[in-house]
Amino acid sequence: MSNGNGSRKQWWVKVLVAVVVVFAIGWWTGRAGPQTRVGELTAELAAVQARAETAEAANARALARIGLLQTQVQLMQAAIELDQRNFGIANRQVIAAREALAGVDIDVLGLDAEKVHALKAALGETDLTVATDLAVQRQVLVGLIARVQALLPSD
């Protein structure tokens, strides 16, 4: 009988050891799982932040480009109004062009600050007046449009 009890005790000891081993393995992998997940989520967060920064830079670049395009459109509109002898409206378009250019972040596009400031000054000095021969004033507007076009990035 003692042999049967000894074998039963060994069996229970083996079961107990197996349970402890299984518990230890489960505890170890369970503890490592969240740490691994935290690492994965941290890496994912860093990737998302990098994409957000890239998107913000692209957005700023697009907004600056839009400002230059608005400047150009306002000047083209001024030329149209000049040809229709709407001098007051043409002057307002030049003012709108100057305001659009003032809103452009030149650093984002890497523009030459001197050229931009010179263009702003030229826009400020432009005064379209009533005249019978519009060729000179039209040439001024065409020149301003060309200067804005030269500032536009090629992308």
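None of the figures in this text is laboratory data; all of them are computed from the coordinates on show. Values in this document were obtained by computation on a predicted structure and should not be read as measured data. Quick reminder, even Gly has a Cβ in these numbers, built from the backbone with ideal geometry, and neighbours come from all protein chains shown.
Points to keep in mind about this one:
- Between the entries [x] 66; [y] 47; [z] 44, the label attached to percent of Cα pairs over 20 Å apart calculated for this structure is [x].
- Selection from Ala52, Ala150, Ala118, by position along the positive dipole direction of segment 2-151 (Cβ): Ala52
- Each peptide in 86-93, 71-78 gets a packing score, the mean of other Cβ atoms within 10 Å over its residues, and the list from highest to lowest is 71-78, 86-93.
- Karplus (6.51, -1.76, 1.60) ³J(HN,Hα), θ = phi - 60°, over segment 40-50, in Hz, Gly and Pro reported as x: 5, 5, 5, 5, 5, 4, 4, 5, 5, 5, 5
- Rg/Rg_globular for segment 25-89, with Rg_globular taken as 2.2 N^0.38 Å and Rg from C-alpha atoms: 2.53
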